[in-house]
Amino acid sequence: MADISPAGGEAIRLLRAVRDHETNRAIYVARNAERAAEIFRFLSVIAPDLGAVLLPRWDCLPYDWASPGTGIMGRRLAALRRIEEDGPVLVLTSPAGLLQRVLPADALDHRSLACGTTFDVDAFQAWALRNGYAQEERVGEPGDLAIRGSVIDIFPAAADAPVRFHLEDGKITEMKSFDPVTQLTVETVDDVPVDPATELPPPEDAEAGWPRGEEHWLPAHREGLVPLTAYLPDAPVFLAEAVISLGDRFVGSLATARRERSDAEIEAGTSRRPLEPDALYLGQEEWEAVRDGATPVSTEGLEAAPEIAAERRPRAALGEAMKETRCVLLAGSNRDAKRMARMAKRFAEVAEVSDWKAAMDVPAGQAALLRAPLHRGFRDGELLALTSRDLLGHAAEEAGQATVVPPWLADAQDLHHGDLVVHEDEGLGRFEGLEPIEAGEALRLVYADDKSCLVPLREAGLVWRYGHDTGDVSLDNLGSESWNKRRARFARSVQKTAAALAERAEARARETAPKLSPETREMKPVADSFPHAETADQSAAIRAVLDDLGSGRPMDRLLVGDVGFGKTEVAIRAAAAAALSGHQVAIIAPTTVLARQHATTFSRRLGMAGLKIASLSRLSSKSEADKVRTCLADGTVDVVVGTHAILKKGTEFARLGLVVIDEEQRFGKAHKKALRDLASGVHVLSMTATPIPRSLQGAIAGLQELSLLTIAPARRRPVHTIVTERADGLIRDALSREHRRGGQSFVVVPRIEDIEATVASLKDLVPNLDIRIAHGKLPAREIDETMTGFAEGRGDVLLATSLIESGLDVPRANTMVVLRPDLLGLAQLHQLRGRVGRSERQAHCWLLVDPDEEVTEETRSRLETFEAEDGLGAGFALSVADLDRRGAGDLFGDAQSGHEARIGPALHAEMLASALRQARGEDDPRPPDLTLPDVARLPAEYVPREDVRASLYVRIARARTSDEADRLADEIEDRFGPLPKEAAILLEHAAIRIRASALGVSAISAGPKAVALDYAESRRPESVPKGFEVSGDRVVVPVEGDDEDALSRMSSALEGLDPD
């Protein structure tokens, strides 16, 4: 049953109940974890005196094979710590959170960090590693720790952001939170609690650690687990109305879950058996005692607030809604607060308040304005609470910032020991670390026959990561001519590509397309009907698409967004803009199911704007298809949604303005040609979650405009992904548990011939489940009916081939079992995984490898990559990994992947960019050589990890602008502390190199009395300042005084030639 009462209204009813009991310590059990979290966020702001604490449940099921997340366990322990402290506390949790036993108070163990306090690095490191933290070179997730001399980064398991602190003389001198993506600090913090990252005690074998899922044996490792109520023995317990039945059902399901796990262990041949339910969870009598003594919180009479923004006349609707009510305006941001106040002031005085009590004290006839996080408002009798979304619609300010540069593009260039690399002058080798030299450090590269060379830091920019080492790539012979010949051949190919790109860019600049810019008022109903808050990336993509459509030039934009991240909404806005501007839209999907779902969505959303939508696919009868084609030709259909049936001969448009291609990588060569023909001279929007390497490289190179959707929708969770060997007990357990919680499951086999044996096996394992079947040899209409019926809730398990990888939206499906995943590619696996986890529930994806089949090392690596990239937004990361592994292919030919000429994607992109600059007539100078006596490096005691130093050396050497170099210097100082002398010299080298390059200098050297600047051909200035000596392409700059170092002399010389 879905929540029908507004969360904000439920929170206020709870607030009143707690106040009426005159207690300052209480427990509230919401109907689920998501509702508890939303009430917690709201009450934390509007009633801080309550001391709201959120106790999350484990994000896995009882007797699961998976472990709970590190962040979840950290937040649970932080909640217990907070409850144990003196003072007011209102614990918010779910039925599962209440019913699971917790650690006793004497087992809690945390550390506090505060500026000015003494800090023992070794002791803290030992404590952290014992308590579930992992030492990493880069902190990015809860439970990560990085120690770099006097700078320490930690992502406390219970925190929302990591923290960086600096040490001096054994004391913490500064602490700041930082962004885990950019690694740049955000704001200063005074103190930080650090809770353990696991509820398990330290393992006996610290190196091996605990096996996955060991938390389900927690009572065997921790004595004296207690109910949550033991922390608050005299506190009242309040329950949401649905909790009693939900709790009864949860307790009743534990015995079944234990039995199924026990059967699975027996079949797997292990001697281990799961613990009795009441070891980790409350028993029936304990639950009944809590249940019968609790106070229900009624939500009867609560209503959702009116959607003012969706009304035709929003201001008039607001005035009508505010009549004879006590109105509270809940703004999500300062900007929203100002806009909401301006709207409401037409009907009442607006008083800005800081909490709910003050809001209720505002005199009758006035409206209260309060900053608080709540998605939708509510009405409770005379009380009306309106949120930013209610009042401003899609114009409400979204949280977060839009993605500017995806972090994976930078990560794909990082150097790690053993990576294959390409040196621009020496060819393909392997990076084997750093070696000290007189001038600092050098990159050591190994080539064929174990011959090696050292690359000085000034040349680090010549080293490019090749990609994934599959073990079947031949290294070049050091100093041979074969690399030079291969590079020359490839350079000629790249120059042709660049010329074609430049020609295409010029042609596009000359082309015109219809300007599609509808009135804002026409677009408003479509935008306001979007039921969710736009993410920052969605807003940026929508703005970019609308700007493209109104530019008068043909749009060619690639929209990359993970499954469920909102690509369809961007397409809906684009289609609305085109159709409301009087032009037709063709939306083309690779499968009938996806086309059918799109047709339903677009009809519902665009129909309210008076637009006519039609569908066209192989499921359309001949008479239906003929009618649609007639309406397209005479212009009476505004938007057609379909498959490649739209591309058939006889389909003509009266005024086509926009073509939207969904999952463009799924179309074959012939269909892609037909799509290009259809899109000639009109706007094109391509959408994908996992672009093929060629498309990704083309977008990065500028062949298409690129928009990224990388921000997860609110309340979405990553899909737990586990690669393991196939076991019948595991399959039965996974499917049965999903069925028990009212959900559906997918079982995927890569080959049609595997269907018959698999369905027989499933009927033996789960005879009580309704199994549906879909594969490519079934009639199209049967496939469509089966998949659509499953999406509507008919059937417990859908056994299918990979044809379900796109187009099936089943919110109740949260378990997927993939058999023989070694036969599928990364993009296929990601698309398949995207079929689950499309709701707020925790989803699981099991990749079960056949233990009797041999799996190659490359395949294992691919599956490990997939298992590791299981976070929200992993699709683009996987595409970059695929680009890294397979290469980019031919941007203008048919090859969709391939490391042509063993160049690698990174150097390929750089050569293409360089060739493009030359094709456009822009300067593309090689970085100048600097001859300096100084030691320039990042000391090992300053940046301890060798891989991190190497990656930074490459980034410094590649910096092209002074701004880029300055930002890199700020980042290094921010991450590692004040720059030591050698690091400052290294960065000053970069600044001089960039300035010299801009002046056309190809080499620069400093002597005790003068600086010599060698210019590239035809770049020497015609005149030089008085006193400078000119000899051919060399300018000699005398330096006055003897006390200046070489860097200062170089800088002075460049200033003399470029005073600006």
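Couple of notes before you dig in:
- Each label point was placed 7 Å from the Cα along the Cα-to-Cβ direction; for Asn484 and Ala105 their separation is 7.9 nm.
- The chain: calculated mean residue ellipticity at 222 nm from DSSP helix runs of at least 4, using -39500 (n - 2.57): -11500 deg cm²/dmol
- Note: relative contact order over segment 946-1033, using C-alpha pairs below 8 Å and six or more positions apart, is 20 percent.
- Convex hull volume per residue for segment 926-984, taking Cα atoms only, in Å³: 89
- Crossing angle, helix 981-998 versus the chain [Cα axis fit, 0-90 degrees, rounded to tens]: 70
- The phi-based Karplus calculation (6.51 cos²θ - 1.76 cosθ + 1.60; θ = phi - 60°) puts the 3J(HN,Hα) values of segment 968-973 at 5, 4, 4, 4, 5, 5 Hz, whole numbers, x for Gly and Pro.
- Charged-residue dipole, Cβ positions (Lys, Arg, Asp, Glu), segment 720-871 about Cα centre, Debye nearest 20: 680
- Measuring r between the beta carbons of Asp449 and Lys648 and using R0 = 56 Å, the FRET efficiency lands at 0.45.
- The chain: antiparallel DSSP beta bridges as a percent of all, rounded to 5: 40
- Put the Cα centre of segment 344-393 next to the Cα centre of segment 486-526 and the gap is 48 Å.
- Multiplying the residue separation of Asp20 and Val935 by 0.36 nm and removing their Cα-Cα distance gives an extension gain of 322.2 nm.
- Listed values for segment 123-139 are Karplus-derived 3J(HN,Hα) couplings in whole Hz (6.51 cos²θ - 1.76 cosθ + 1.60, θ = phi - 60°), namely 5, 5, 4, 4, 4, 4, 5, 5, 10, x, 7, 10, 7, 10, 7, 9, 7, and x replaces Gly and Pro.
- Exposure proxy order (Cβ contacts within 10 Å, fewest to most) of Glu910, Glu276, Glu207: Glu207, Glu276, Glu910
- Amide H to amide H distances under 5 Å link Tyr281 with Arg101, where only residues 5 or more positions off or on other chains count and H is placed in the peptide plane.
- With θ taken as phi - 60° and the Karplus curve 6.51 cos²θ - 1.76 cosθ + 1.60 applied, the whole-hertz 3J(HN,Hα) list for segment 290-295 is 5, 4, 6, x, 8, 10 Hz, x standing for glycine and proline.
- Here's how it looks for Leu184: its modeled amide H is under 5 Å from those of Asp179, which are all 5 or more places away or on a different chain.
- Extension gain from Glu782 to Ala358, taking 0.36 nm per residue of separation minus the Cα-Cα distance: 146.5 nm
- Cleavage-rule hits (trypsin sites (Lys or Arg not before Pro)) in segment 170-231: DSSP loop, at most 12 neighbouring Cβ within 10 angstrom: Arg212
- Counted by Cβ distance under 13 Å from Gly461, the other residues give a net charge of +1, where Lys and Arg count +1 and Asp and Glu count -1.
- Sites Ala230 and Arg130 - FRET efficiency at Förster radius 30 Å, r taken between beta-carbons, to 0.05: 0.75
- Take every pair of alpha-carbon atoms less than 8 Å apart whose residues are at least six positions apart; their mean separation over the length of the chain yields a relative contact order of 10 percent.
- Values of log10 I(q)/I(0), in the order q = 0.04 Å⁻¹, for the chain under a Debye, Cα-only, solvent-free model: -0.24
- Footprinting exposure proxy ranking of Tyr231, Tyr28, fewest other C-beta atoms within 10 angstrom first, gives Tyr231, Tyr28.
- Gain upon complete extension [Val186, Leu823; 0.36 nm per residue less C-alpha separation]: 224.9 nm
- Take the Cβ atoms of Asp169 and Glu303, set R0 to 60 Å, and the FRET efficiency comes out at 0.45.
- Computed from label points 7 Å out along Cα-Cβ, the spacing between Arg967 and Arg272 is 4.7 nm.
- Our summary gives segment 720-871 a relative contact order of 33 percent, counting only alpha carbon pairs under 8 angstrom and 6 or more residues apart.
- Segment 277-313: GluC sites (Glu not before Pro) in DSSP coil with no more than 10 other Cβ atoms inside 10 Å: Glu300
- The long axis of helix 905-919 is offset from the longest Cα principal axis of the chain by roughly 60 degrees.
- When you filter the GluC sites (Glu not before Pro) in segment 341-392 for DSSP loop state and at most 15 other Cβ atoms inside 10 Å of their Cβ, you are left with Glu382.
Quick note: the coordinates plus some simple rules give every number you see, no bench work behind them. What you are looking at is a predicted structure, and each value in this text was computed from that prediction instead of being measured. So basically every Cβ, Gly included, is an ideal-geometry build from the backbone, and we count neighbours across all protein chains shown.
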